[in-house]
Amino acid sequence: MLSFLQRQRDLVVWKVSGAPDAVLRSVATPTGLTLPGLVRHLTNVERSWFRRVFAGETGLVFDWSDDDPDGDLKVPDGVSVAELLAEYVAESRRCDEVVRAAASLDDVSALRDLSLRWVLLHLVEETARHLGHIDVLREQADGFVGEEPGE
């Protein structure tokens with residue numbers, strides 16, 4: 001299951017790489033979804049589900065708040081896409097450690113009555129759904145299309 005998630009993660013990185021920040025920031029949906037915002041959102045989602053909900057880690061920092069639940073989608077201009085991608089990859093690796101430390105996919109999360117299997121499936125779904133948004137936004141930004149590298 002982790003390999004299915006990793007494939008989606010790799011496609012996110014591939015789809016958001018290889019263009020200048022100005023191009024990647026040039027498009028948004030009417031509700032404000034942007035390529036940088038989606039990468040930062042996926043980073044926060046992994047941290048929340050794997051490290052906070054499943055592992056019960058405390059003291060984690062998120063880019064959303066009660067006052068601004070969509071704060072993770074709003075990326076300041078001074079934060080480069082390369083920085084966002086590096087943090088996404090680093091967070092994914094930290095989350096993989098949590099998954100590998102579990103005894104079983106049936107282990108129950110620390111904060112909810114959900115199995116690791118459920119959390120993994122949810123993250124595959126969440127990442128794939130947002131990869132679709134990324135696909136459309138990247139095509140609008142500079143015409144870049146394709147389902148995977150090498151096409």
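Rule-based calculations on the coordinates, nothing more; no lab input. Being a predicted model, the structure only gives us computed values, none of them experimental. Don't worry about glycine lacking a Cβ; one is built from the backbone with ideal geometry, like all the others, and counts go over all protein chains shown.
Between region 52-105 and region 1-47, what's the alpha-carbon centroid distance in Å?
Using only Cα atoms, the two centres lie 13 Å from each other.
Which shape class applies to region 7-79: rounded if a/c is under 1.5, otherwise prolate when a/b exceeds b/c and oblate if not, where a ≥ b ≥ c are the square roots of the Cα gyration tensor eigenvalues? Before the final figure, lay out the partial values.
Values: a/c = 2.42, a/b = 1.47, b/c = 1.65.
Because a/c hits 1.5 or more and a/b fails to exceed b/c, region 7-79 counts as oblate.
Read phi for every residue in region 26-34 and hand back ³J(HN,Hα) as whole Hz from Karplus 6.51 cos²θ - 1.76 cosθ + 1.60, θ = phi - 60°, with x for Gly and Pro.
Result, rounded to whole Hz: 7, 10, 7, 6, x, 8, x, 5, 10.
If I histogram all Cα-Cα distances within the chain using bins 5 Å wide from 0, what percent of pairs lands in each bin?
2, 9, 19, 22, 20, 14, 9, 5, 1
What is the chain's relative contact order, in percent, from Cα pairs under 8 angstrom and six or more apart in sequence? Don't skip to the end; give the middle numbers.
Values: 150 pairs, mean separation 56.1, N = 151.
Once divided by the residue count of the chain, the mean separation gives 37 percent.
Report the extension gain between D21 and E147 in nm, rounded to one decimal, defined as 0.36 nm multiplied by the number of residues separating them, less their alpha carbon distance.
Details: separation 126, 0.36 × 126 = 45.36 nm, distance 2.14 nm.
Extending this stretch completely gives an extra 43.2 nm.
Using only the alpha carbons of region 106-146, what is the convex hull's orientation-averaged projected area in square nanometres? Before the final figure, lay out the partial values.
Values: hull surface 14.6 nm².
So the mean shadow area of the Cα hull is 3.7 nm².
Quick one: length gained pulling A128 to A28 fully straight, 0.36 nm per residue minus the C-alpha distance? Walk me through the numbers before you get to the answer.
On the way: separation 100, 0.36 × 100 = 36.00 nm, distance 1.84 nm.
The A128-A28 span can extend by a further 34.2 nm.
In the chain, if the dipole is taken from +1 on Lys/Arg beta carbons and -1 on Asp/Glu beta carbons about the Cα centre, which of V145, L2, S65 is farthest to the positive end?
Among V145, L2, S65, the one farthest towards the positive end of the dipole of the chain is L2.
When you have a sec, figure out the Kirkwood radius of region 67-151 from all distinct Cα pair distances and drop it here in Å to one decimal? Don't jump to the answer; show the numbers that get you there.
Values: mean 1/r = 0.0634 Å⁻¹.
Radius from the Kirkwood sum: 15.8 Å.
Could you check the spin-label model distance between K74 and R94? Points 7 Å from the Cα along Cα→Cβ, value in nm.
Going from the K74 label point to the R94 one covers 2.3 nm.
Using +1 at the Cβ of each Lys and Arg and -1 at the Cβ of each Asp and Glu in the chain, identify which of Y88, S115, G37 lies farthest towards the dipole's positive end.
S115
Relative to the Cα centre, what is the charge dipole magnitude of region 22-151, using +1 at the beta carbon of each Lys and Arg, -1 at the beta carbon of each Asp and Glu, and rounding to the nearest 20 debye?
Values: 13 positive and 25 negative charges, 45 e Å.
That gives region 22-151 a dipole magnitude of about 220 debye.
Would you please put 11-21, 135-145, 62-72 in order of how densely packed they are, using the mean number of other Cβ atoms within 10 angstrom per residue and starting with the highest?
Working: 11-21: 17.5, 135-145: 15.5, 62-72: 12.9.
So the order, starting with the most tightly packed, is 11-21, 135-145, 62-72.
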